[in-house]
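Everything on this sheet refers to the single structure shown next.
The values are calculated or read from the model by the stated rules, or taken from the named source; none is laboratory data. Values in this document were obtained by computation on a predicted structure and should not be read as measured data. Cβ atoms come from the backbone with ideal geometry, glycine included; neighbour counts cover every protein chain shown.
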Amino acid sequence: MSKIFELQCVLCGKRYREGEVEYTCPSCGMDGTLDVLYDYDVARKAISREALAQNRDYSLWRYWPILPVHERDHVPPLSVGWTPLYESDRLAAQYGVKRLFIKDDGRNPTGSLKDRASAIAVGRALDLGRKEVSCSSTGNAASSLAGFCTVASLRSTIFVPESAPEAKVTQLLVYGARVVLVKGDYNDAFNLSEKAIERFGWYNRNCAINPYLVEGKKTCGLEVAEQLGWEVPDYLFVAVGDGCIISSFYKAFHDLIKLGITDRMPRIVGVQAEGCKPLVEAVKRGEFRVKAFEKADTIADSIAVRRPRNWAKALRAVRESQGTMVSVSDGEILSAIRELACNTGVFAEPAGAASFAGFRKMALSGQLRQDETAVVVVTGNGLKDISSARKAVGDPIVSPPDIEAFVRILSRVKGLA
Ligand SMILES: Cc1ncc(COP(=O)(O)O)c(C=O)c1O
Ligand SMILES: [Zn+2]
C-alpha cells in the first residue's frame, strides 16, 4: 500500500506535498519545522491493535504504515527498536506512584534512541538515491548515523563539538565516518554542518531540520503504548536538548489517537540540566518562543544545547499534553545514574538518567499522585560516557592476588567486613 503524506509547518500551518519541500517551511525558515501527516484513513486499514498483535517484526519497522520510508529494500540491516520496558515495583513504592516503567533505549545497536532516527534517515536517503549523509550532533546522533551509513554503504560526514565524550568520538571513527571536531559547542557544530551540507549537497540528518526523523523517534512512544497493552501512562519523562525526542513522543500519541488506537496523551515532562535549560525557562515565562542560553554548563553533554532548534515542536508537546519542563542539577543526575542502575540494572549516560532525576524531583515534591503511572525514558547507554559515571560512584577494592591479604583488606572496608 502506498503511503500518502503531507508536511505541515508547526508555526504557520501551511501544508506541503512530499517532495515539494525536503526540510523546513520556506515561509518560516529554520524555525518552521514540519510535521509529517499521513492519510490516517488509509493507514487505519493497515495498522490496528489486532494487526500489531499478529505482527512478528519486533523492530521499529512494525509500524511501517506510519513511517516515511517507501522501499522495503531500503531498510538498513541493523535491528532497531522494541527495547525493553521494565517495571520497577521498588522505585514505584519508594516514590509513591502506582506503577513506574523504565524504557531502556540505550539497548539500540549504537547505544541510544537516536538509532530510530538514523534508520529512517538512511532509508530515506536511499529512497532519494543519495550517496552521502551528514549531521551535527552532541555525539549520539553522530555515532548512530555513522553506524547506519556504513551498513548501508553510504558515506557520512559528522560534525561534533570538540568536547564530545571520547567513547562517542571513538565510536564514530570505528564506523569509518569522516569526523569533524568543531572548535566550539554544539551550536557551532550545528551551524558549520548546515553550511557544509548546503555547500556539498549532502543529505541532511539534522533532526530539527529534517522532518522525517522525528517519525523514527516516535516509534519509542508507540512501543511504550503497545508494551503497556495500550494503557496510556499518566506521565512520561524524557531528557531534552534540541527538542526532537520530546516532540516525537507527542507525535507518537498524536498518531495513535488519529488512528483510533488510543484516546489520550500522557503528560509529557521534558527534563533539562540546570546549567542549560532554555526550554524550562520558556515554559516558566509562559512564552511560545525560546531565548538561547548564554553558556551550557552540565555534565549531561547530550542535552547541552544552548539554542534548541526544535523549540516550537517541543513547547507544543508540553502545552498540548498538559505536561511541563523541569530542570535537575548535575548532582541530581549523577545520583540518578547510580540509583537507576542499582534498582533496575539500567545503566544510563547522564542525559539518559536526567529523565529519572526529573521524575524523582517531581515525585518528591508531591506533584505525582499515588494512583498514577509514570514512564521514564532512558535515551542513552551509560557506556557512552564512563568518566561522568565514575563521578557517581566510589572506588573499587584493590587487592593483591592473595586470599589472606584480601580478607585483611576486606575487614578494613567499612560496612563490608
Ligand atoms: C541520550 C540523549 N538524551 C536526550 C537527548 C536530547 O534529544 P533532543 O536533542 O532531541 O532533545 C539526546 C540528544 O542528543 C541524547 O543523545
Ligand atoms: Zn511556516
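Structural remarks
- Number of the condition not met by R309 [criteria: (1) of a type outside the set (G, A, S); (2) in a loop (DSSP other than H, G, I, E, B); (3) in contact with a helix residue (DSSP H, G or I) (Cβ under 6 Å, 6 or more places away or on another chain)]: (3)
- Looking across the range 350-407, just one residue is touching a Lys or Arg at 6+ places or on another chain (Cβ under 9 Å), over 30 Å from S144 (Cα atoms) and either aromatic (F, W, Y) or part of a strand (DSSP E or B) (or both), and that is T373.
- Residue match in the range 195-216 (condition: more than 15 Å from the chain's Cα centre (by Cα), hydrophobic (A, V, I, L, M, F, W, C) and in a loop (DSSP other than H, G, I, E, B)): yes
- Subset of the range 249-269 that is free of Cβ contacts under 8 Å to residues at least 60 places away in the same chain and part of a helix (DSSP H, G or I) - its residue that is nearest to ligand 2 (Cβ to nearest atom): H254
- Hits in the range 145-160 (condition: surrounded by fewer than 24 Cβ atoms within 10 Å (Cβ to Cβ) and not charged (D, E, K, R)): T150, V151, A152, S153, L154, T157
- Selection of the range 312-342 for residues being assigned to a loop (DSSP other than H, G, I, E, B) and either without any contact (Cβ under 8 Å) to a residue 40 or more places away in the chain or under 19 Å from the mean Cα position of the chain (by Cα) (or both) yields S321, G323.
Yes/no matrix, rows are residues, columns are (1) within 20 Å of the chain's Cα centre (by Cα); (2) on the phi < 0 side of the Ramachandran plot; (3) among the aliphatic types (A, V, I, L, M):
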| position | (1), (2), (3) |
| --- | --- |
| M30 | no, yes, yes |
| L34 | yes, yes, yes |
| D41 | no, yes, no |
| R56 | no, yes, no |
| W64 | yes, yes, no |
| E71 | no, yes, no |
| P76 | yes, yes, no |
| L91 | no, yes, yes |
| Q94 | no, yes, no |
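- Once the range 229-280 is narrowed to residues that are of a type in the set (D, E, K, R) and out of contact with any helix residue (DSSP H, G or I) (no Cβ under 6 Å at 6 or more places or on another chain), the residue that is farthest from G352 (Cα to Cα) is D263.
- Among the residues of the range 106-119, those identified as within 14 Å of ligand 1 (Cβ to nearest atom) and not charged (D, E, K, R) are G106, N108, T110, G111, S112, L113, A117, S118.
- Top-ranked residue of the range 229-249 - restricted to ones that are under 17 Å from D105 (Cα atoms) and among the hydroxyl-bearing types (S, T, Y), ranked as surrounded by the most Cβ atoms within 10 Å (Cβ to Cβ): S247
- The strands (runs of 3 or more DSSP E) found entirely in the range 1-101 that carry 1 or more residues being at pLDDT 95 or above and within 16 Å of ligand 1 (Cβ to nearest atom) are 34-38.
- When each of A189, A141, A167 is tested for being within 16 Å of ligand 1 (Cβ to nearest atom) and in contact with a Pro (Cβ under 6 Å, 6 or more places away or on another chain), the lone residue that passes is A189.
- Being of a type in the set (G, A, S), free of Cβ contacts under 8 Å to residues at least 24 places away in the same chain and out of contact with any Phe, Trp or Tyr (no Cβ under 7 Å at 6 or more places or on another chain) is not true of G352.
- Test for R319: is it away from ligand 2 (no atom under 16 Å from the Cβ), among the charged types (D, E, K, R), modelled with pLDDT of 95 or more and buried (at least 21 other Cβ atoms within 10 Å of the Cβ): no
- Residue match in the range 34-44 (condition: within 21 Å of R316 (Cα to Cα) and within 10 Å of ligand 2 (Cβ to nearest atom)): yes
- Odd one out for A389 among (1) of a type outside the set (S, T, Y); (2) modelled with pLDDT under 95; (3) surrounded by 11 or more Cβ atoms within 10 Å (Cβ to Cβ); (4) more than 24 Å from L340 (Cβ to Cβ): (4)
- D301 meets all of the listed conditions (1) at pLDDT 95 or above; (2) of a type in the set (D, E, K, R); (3) within 16 Å of ligand 1 (Cβ to nearest atom) but one, namely (1).
- C149 vs. criteria in a strand (DSSP E or B) and either in contact with a helix residue (DSSP H, G or I) (Cβ under 8 Å, 6 or more places away or on another chain) or under 17 Å from N204 (Cβ atoms) (or both): no
- Within the range 48-57, not a single residue is surrounded by 17 or more Cβ atoms within 10 Å (Cβ to Cβ) and either over 30 Å from F347 (Cβ atoms) or within 16 Å of ligand 2 (Cβ to nearest atom) (or both).
- Subset of the range 324-361 (residues that are within 11 Å of Y95 (Cβ to Cβ) and either acidic (D, E) or crowded, with 21+ Cβ neighbours inside 10 Å (or both)): E339, F356, F359, R360
- Residue in the range 217-227 that is assigned to a helix (DSSP H, G or I), under 21 Å from K131 (Cβ atoms) and more than 13 Å from ligand 1 (Cβ to nearest atom) present: no
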